[in-house]
Each structure stands twice: as C-alpha cells, then as structure tokens.
Amino acid sequence: MILARVIGTVVATCKFEKIRNSKILAIQPVDLEGKPIGRTQTTIDTIGPKVGDIVLVCMDGDVASEMIGIEGAPVRSCIVGILDYYNVDKKSVNKVNSDKVLLRGER
Amino acid sequence: MNLGRVVGTVVATRKNEKLVGSKLLIVKSMDLEGNVVDPFVVAVDTVGAGVGEVVLVVTGSSARATVDTQGKSVDAIVMAIVDYIEVDRNLFEKVKEGKVKTV
C-alpha cells in the first residue's frame, strides 16, 4: 500500500457499466513528510475520506474489484483506509501528531 | 521480494473491515550494504516484525497467499525477518537494533 493525499473528486457520467456506482477520487501520493511524490492518480473509494485527508491506497486490481463487489471490474487501485497518524523512527511521533504532516482538514 | 527496514507504523481507524486487526508497518527499501533508500511501502505484518528490523516484503497479488492475509485487501506484506545476508562472501548480520553490520 502507499500513502496519498486526497486532492479532489472525479465525475464521469459516461463510464463503463461495471463501475457505474463507484466513487472516483483524485489522489497525490506523498512521502513520509507529507510532501508530494510522483504523479497524481485517480482511484476508487468505498471508505469516504474528505479532500485533504491522507489515505492508504492499495495498488492491486483484484483487491479493487473485490472492494466494489464486481469481479473483473476495470480498476487497479482503491482506498482501503484513512490515516489517523503514523510514527517514523519513534522520535517523530509528536511532530506527526501535532502539526505539519497531520492529516485532517489540511489542504 | 524486496529487502526493507521497518521504520515506523501506521494507525488508521476508519478502514476496510477486512483490514481490522492487521498491523500496518512503514517499510523503507534497503540496499545490500544496509543503507536505507528512499522508496517506502506500507505493508501488513504477518510475522511480528518491529521498528528497526530488516525484513522481506512481498508485493502484488502474492501478498494474499499467506494464511493471515487470504482474501484481505492487501498488496504488500512483511513475510520474513532477515537474520543475515551474504553477498560476495561478505556477511551482513543482524545486530540488536536490527542494524545490518559487516562481520
């Protein structure tokens, strides 16, 4: 799984039958400091994060199909969790909890 | 399978119900000299690894091949704790804090 920040929603009226009821979000993968890395992506969501939340993204097609309950759906990644916090090397616990990398509502 | 070093943990309250009870670890990649390099992955722990330990991470659909993760929403698991690595007749052995050290 990777960490990513939700940056927006994607609306597609005309889409493949099998993913008709799925919510699609735009995400930006982030590193352990919360800084963006790599290109933005879109992903399927069944958990319900807000824009600005840091989420856990599973990059596996089978998992994504299973999440939306449709076998063989044309999806390759999905959101599997919303982060509360993360600890890196013990010492940065407080920092992560208190400011920058945190998490909710930050945009 | 990739060598990695566990550098931290992730806590997520709202998550897919199939992930409930799974320990999530942040694992940074490691080169064969024991240096931690940049790419990281969040992996489900299946062997009881802790922060600082050198581990093997398997990614992709094979991550769901273990008893603990069958049918779960995971694409990366920690499935072994490394004792030592031998490369070009150099032995890197695990020490207490999980640091890799030339013997």
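Within segment A:78-94, the set of residues being modelled with pLDDT under 70 and either more than 7 Å from chain B (Cβ to nearest Cβ) or in contact with a Ser or Thr (Cβ under 7 Å, 6 or more places away or on another chain) (or both) comprises A:Lys91, A:Ser92, A:Val93, A:Asn94. Among the residues of segment B:26-62, those identified as of a type in the set (D, E, K, R) and farther than 15 Å from B:Met79 by Cβ are B:Lys28, B:Asp31, B:Glu33, B:Asp38. Within segment B:3-19, the residues that satisfy the criterion of being within 8 Å of chain A (Cβ to nearest Cβ) and surrounded by 19 or more Cβ atoms within 10 Å (Cβ to Cβ) are B:Val7, B:Gly8, B:Thr9, B:Val10, B:Ala12, B:Lys15, B:Asn16, B:Leu19. As for segment B:28-38, it holds at least one residue that is within 20 Å of A:Val30 (Cα to Cα), within 10 Å of the chain's Cα centre (by Cα) and more than 10 Å from chain A (Cβ to nearest Cβ).
All conditions in (1) modelled with pLDDT of 85 or more; (2) within 8 Å of another protein chain (Cβ to nearest Cβ); (3) under 22 Å from B:Ile77 (Cβ atoms) hold for A:Gly48, with the sole exception of (3). Of the candidates B:Val58, B:Val42, the single residue that is at negative phi, away from chain A (no Cβ under 11 Å) and not basic (Lys, Arg) is B:Val58. Consider segment B:61-77 and keep the residues that are in contact (Cβ under 8 Å) with a residue 12 or more places away in the chain and away from chain A (no Cβ under 12 Å). The one that is nearest to B:Val10 (Cα to Cα) is B:Asp68. Can you name every residue in segment B:33-59 that is surrounded by 13 or more Cβ atoms within 10 Å (Cβ to Cβ) and either out of contact with any strand residue (DSSP E or B) (no Cβ under 7 Å at 6 or more places or on another chain) or not in a strand (DSSP E or B) (or both)? Within segment B:33-59, B:Gly34, B:Thr46, B:Val47, B:Ala49, B:Gly50, B:Val51, B:Gly52, B:Glu53 meet the criteria.
Taken over segment A:21-35, the criterion of being surrounded by 11 or more Cβ atoms within 10 Å (Cβ to Cβ) and over 17 Å from A:Tyr85 (Cα atoms) is satisfied by A:Ser22, A:Lys23, A:Ile24, A:Leu25, A:Ala26, A:Ile27, A:Gln28. Restricting to segment B:55-72, give me the number of residues that are touching a Gly at 6+ places or on another chain (Cβ under 9 Å) and more than 13 Å from B:Met1 (Cβ to Cβ). The total comes to 2.
Here B:Ile85 qualifies as assigned to a strand (DSSP E or B) and away from chain A (no Cβ under 11 Å). Per the conditions (1) in a strand (DSSP E or B); (2) more than 22 Å from B:Glu86 (Cβ to Cβ), the sole criterion not satisfied by B:Gly4 is (2).
Selection of segment A:54-77 for residues being charged (D, E, K, R) and either crowded, with 23+ Cβ neighbours inside 10 Å or at the interface with chain B (Cβ under 9 Å from one of its Cβ atoms) (or both) yields A:Asp60, A:Asp62, A:Glu66.
If you scan segment B:7-20, which residues turn out to be closer than 20 Å to A:Ala64 by Cα, in a strand (DSSP E or B) and in contact (Cβ under 8 Å) with a residue 40 or more places away in the chain? Residues satisfying the conditions do not exist here.
The values are calculated or read from the model by the stated rules, or taken from the named source; none is laboratory data. These numbers were taken from a predicted model, which means no experiment stands behind them. Every residue, glycine as well, gets a Cβ built from its backbone with ideal geometry; the counts of neighbours run over all protein chains shown.
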